[in-house]
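The values are calculated or read from the model by the stated rules, or taken from the named source; none is laboratory data. Everything numeric in this text was worked out from a predicted model, so none of it was measured. Note: ideal-geometry Cβ built from the backbone for every residue, glycine included; neighbour counts use all protein chains shown.
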Amino acid sequence: MSATLTSTLAAGTVAQTNVDANLREAPDLHARVLAVLPRGTAVRAEPSSLAAWRKVSAITTGQRGYVFAALLDPGAPPVTNQAVTAQSPLIAPARGTLAEVQDALNSRQHGLYSAQDIRFIARVYFESAVPAGLDPVIAIAQARLETGNFSSVLSQAPIHNFAGIGADDSAPQNARKFPTVIAGVRAHVGRLLAYAVAAGAEKSAQKTLVQDALAAKALPSHLRGSAAQVSGLSAWASAPTYVDDLCRVASQLADRVDPQTPPAGPRIITARSLGLSFQVLFGELGRETYVTGHYSAGTRARNADEGRDRVLGFQDDHRNKGYGGVAYHYVICDDGTLICARPTLYKGAHTKLHNTSNIGVNMPGDLGDRPTAAQAATLRWLLANAHTDRMPAPHRTDADLRLAERSGHRQWRDNNTDCPGDFLGVFLSGGEARLAPAHDDDVGFLEAAAQPDNGRWQGEIYVDGEFLSKQEAADARQPSSVEAVVPPADPRFDSD
Ligand SMILES: [Zn+2]
């Protein structure tokens, strides 16, 4: 959605947050969080000379503060997320965000198109319709209705006809063919514009689209400008319920997750179910202030079975290093399975010098690997739900992790590592399946409060003495003498 992570955003420009973004008191990763702006929140940019930060005011609340620039989509109109009715105008701002629509389309099967193809198609709709003033959600809803969520033969290559243009039930062979996805989308958007805007009244951004679309198939003059509202599209197809169906599908596409009814979460596997145990060597975690993302510098975990194998491997490896068990609190597999590893009561051992109050999340993989959409969705879910009873009790956090500082392992000072490779972007954004920024300077380094001086090194990990009694610290020097404990049960989630 945002082409570059450090965007330019002129004063007065309206943008929207592309993830749940922290609004901060000052342009600093450590500045106080004033509010969380949910994904899709419209903000107005204020004059600023900063590269990575934008001073903004939220349009609906007027609240002012700083947002990391990479979390804003410049030029995007405010998202209204209204239900679409027969009276809704076609010429209108987008009624949903691109990410919402992409997720909705990918939640159903989509023929031979890959999930990435579908994301691309949706993006082309937004990029074609928004500059011409047309609500892309209505166009995409129509395509979903006409093509069975992009699974019909006509919608696939080599035809790329997303709106039944030229086809009717008795003569599907008359369907127009378009050489590319882009040509097919533009023909559809242009035809909708021809319905929405009277001949001669087109704005310059609409003219070429309309001309090209009508060159592919003419539109009878009585239909030009006949559909300022959705109701006018009854002439597009013969089905008597067409407009009602279109309104329903468009409303669904733009539907936000209702905060009262949280979405079904990922598959969750507990440490107890996997037979993991932990020696308490480093004391308690403390209130969760940081979430640090890692990869494994090893093989991916495509599903729960492979995830279990990786996590059991971590257990051996990390115990040998003197960490008392799996260093990370959570591991997320490619298919979105969430494995709860180290209980959140215990400090982890994943970031040199900085484990107090720091939640460690691992997506197994190596340099060059990238997050899947399912992994991103689970991270997003985890950040929003880790403190709720939707999580197993031993793996629940005290703090709402959406308010925690997100970073990648290599952004911590004194941690000389590539970790988490191209998974950095997904962690920084809080669950968008995006690539890492080109340079770490884009996001700066994190530096926690100075370490208390009563600590000690245990292998690669500095045990900082916070939340660790003298007796525990003494015992921990001989990990073999410390008994391993199995996390407490939560029968709703354990399968042992
Ligand atoms: Zn790491």
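Among the candidates ASP414, ASP418, ASP369, single out the residue that is at positive phi, within 16 Å of the ligand (Cβ to nearest atom), surrounded by fewer than 21 Cβ atoms within 10 Å (Cβ to Cβ) and not in a helix (DSSP H, G or I). Outline the logic, then answer.
On the way: ASP418 fails: at positive phi; ASP369 fails: at positive phi.
Residue meeting the stated conditions: ASP414.
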For segment 163-180, give me the residue count where each residue is touching a helix residue (DSSP H, G or I) at 6+ places or on another chain (Cβ under 9 Å) and either touching a residue at least 40 places away in the same chain (Cβ under 8 Å) or among the aliphatic types (A, V, I, L, M) (or both).
7
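Does LEU345 satisfy the condition of being hydrophobic (A, V, I, L, M, F, W, C), surrounded by fewer than 21 Cβ atoms within 10 Å (Cβ to Cβ), within 16 Å of the ligand (Cβ to nearest atom) and assigned by TED's automatic domain parsing to the domain that holds GLY430? Before the answer, list the steps.
Working: hydrophobic (A, V, I, L, M, F, W, C): yes; surrounded by fewer than 21 Cβ atoms within 10 Å (Cβ to Cβ): yes; within 16 Å of the ligand (Cβ to nearest atom): no; assigned by TED's automatic domain parsing to the domain that holds GLY430: yes.
In short, no.
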Condition first: over 24 Å from ASP20 (Cα atoms), polar (S, T, N, Q) and outside any helix (DSSP H, G or I). Can you find one or more residues in segment 319-331 that meet it?
no
For segment 237-256, the count of residues that are part of a loop (DSSP other than H, G, I, E, B) and within 32 Å of the chain's Cα centre (by Cα) equals 3
Considering only segment 416-424, I want to know if a residue exists there that is at pLDDT 90 or above and closer than 15 Å to HIS329 by Cβ.
yes
